[in-house]
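The values are calculated or read from the model by the stated rules, or taken from the named source; none is laboratory data. Keep in mind the model is a prediction, meaning the values are calculated, not measured. Don't worry about glycine lacking a Cβ; one is built from the backbone with ideal geometry, like all the others, and counts go over all protein chains shown. Heavy atoms of the whole protein, side chains included, go into the accessibility calculation; ligands, DNA and RNA do not. Shrake-Rupley method; radii C 1.70, N 1.55, O 1.52, S 1.80 Å.
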Amino acid sequence: MNHLTSDELIDAMEGMLDATRQQHLDACEACRRELAELSSVLREARALNVPEPSPLYWQHFSERVRTAVDAEALPSGGWPRWLRWPALVPLAAMALVVIALMVSAPTPVDPPAAVAAVDANPGDVALAADSWVMVADLVGDMDWDTASAAGLVVEPGDAEWAVLELSANEQQELTRLLRAELLRAKS
Amino acid sequence: MDDAALVAATVSGRRDAFDVIVERHRRVVYQVCYRFVSNHEDASDLSQEAFVRAWRGLKNFKGRSALSTWLYRIAVNVCLNRVSAKTPPTEPIESTEPFEDTRIESAQRTLLREERAAAVRRAIAGLPKKQRATLILRTYHDMSHQQIADILGSSVGAVKANFFHALANLKKILGREP
Ligand SMILES: [Zn+2]
């Protein structure tokens, strides 16, 4: 009969070997030696200890974690978690640029949606998809390293790019927040 | 308060609930990390990073697994990402035996035993990452093959194979040690 496979050797170490294979093991010197050697290595590994840090260390550890987590916490003001302000600052700046460009554009036949949105009733949450795409394009072209160096962005990274892939609801919420920001800047 | 309630409280903005989570799980997270790096400083840094990542990810924790399993997964991933296979243990190895034994044994035997323990640590540190992670979770944290598979994102078959290869490699490496 075949010797124990690696799976069966593990089963044997853990007392899970089925009866017929156990019969082979009992009768086979080579398999018994292999099992004994693996078990011996496992015993040696198991004997290694982890030194127990002092209670004072644990207190210090918890404080370190708290400090690190506090550094991550959002500033207050009700901004949603997905919308971190490092991403919002350049977006708001870009939105202002979009609006400035649109306002200064020669004789628009229809007021562009973004302009309409700024002047619209604050209850109206829809921003036309075209305007959204334009903001996204502009932000997508932005040089984040320069923005970072200029202090516009604290930690350029995935968060900024994630803003370009927001769900419809998140786009709506961003639109609402941007508009509130713009209205405040106008007043 | 159980872990699920603490998670809910943390997500709803109760910052102190997360402190309790840290207090409850810091020891086991530290132990996992220590097993990977065999020194206190790195284990401490890795554990802290694991909890910061847990904080970031907690709102996405769906409760499909126990919080402890989820934290294990984060800790193991932090370790796997950070630890290189050639990291040697840098801390002096302490005797695991009670003091009385050293009076009975000769100093030489104690020394040999400590050298052997150091060799075992070095051998574990030299294992490929998945084998090392499997050995650590199975040997020191009594996890089932299924739990390890969940944490490492692999199959039970792969876990058993990694466990076997970890032991076989240790046997080979330690067989060459004096
Ligand atoms: Zn055999």
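Observations, loosely collected:
- Residue under evaluation residue A:64, criteria (1) within 15 Å of the ligand (Cβ to nearest atom); (2) within 8 Å of chain B (Cβ to nearest Cβ); (3) open to solvent by 30 Å² or more (accessible area, probe 1.4 Å), criterion not met: (1)
- Taking (1) away from chain A (no Cβ under 13 Å); (2) surrounded by 18 or more Cβ atoms within 10 Å (Cβ to Cβ) in turn, residue B:64 satisfies each apart from (2).
- Here the range A:27-41 is the region considered, the condition is being in contact with a helix residue (DSSP H, G or I) (Cβ under 9 Å, 6 or more places away or on another chain) and open to solvent by 20 Å² or more (accessible area, probe 1.4 Å), and the residue that is farthest from residue B:127 (Cα to Cα) is A:32.
- Residue B:112 fulfils the conditions (1) in the same structural domain as residue B:149 (by TED's automatic domain parsing); (2) under 24 Å from residue B:154 (Cα atoms); (3) modelled with pLDDT under 95 except for a single criterion, (2).
- Hey, residue B:170 closer than 19 Å to residue A:48 by Cβ, open to solvent by less than 40 Å² (accessible area, probe 1.4 Å) and aliphatic (A, V, I, L, M) or not: yes
- For residue A:95, the conditions (1) in a helix (DSSP H, G or I); (2) closer than 30 Å to residue B:40 by Cα; (3) at pLDDT below 95 all hold with the exception of (2).
- Residue in the range B:78-89 that is open to solvent by less than 70 Å² (accessible area, probe 1.4 Å), touching a helix residue (DSSP H, G or I) at 6+ places or on another chain (Cβ under 9 Å), at pLDDT 90 or above and small (Gly, Ala, Ser) present: no
- Annotation: of all residues in the range A:15-50 being within 9 Å of chain B (Cβ to nearest Cβ) and under 18 Å from residue B:143 (Cβ atoms), the one that is nearest to the ligand (Cβ to nearest atom) is A:42.
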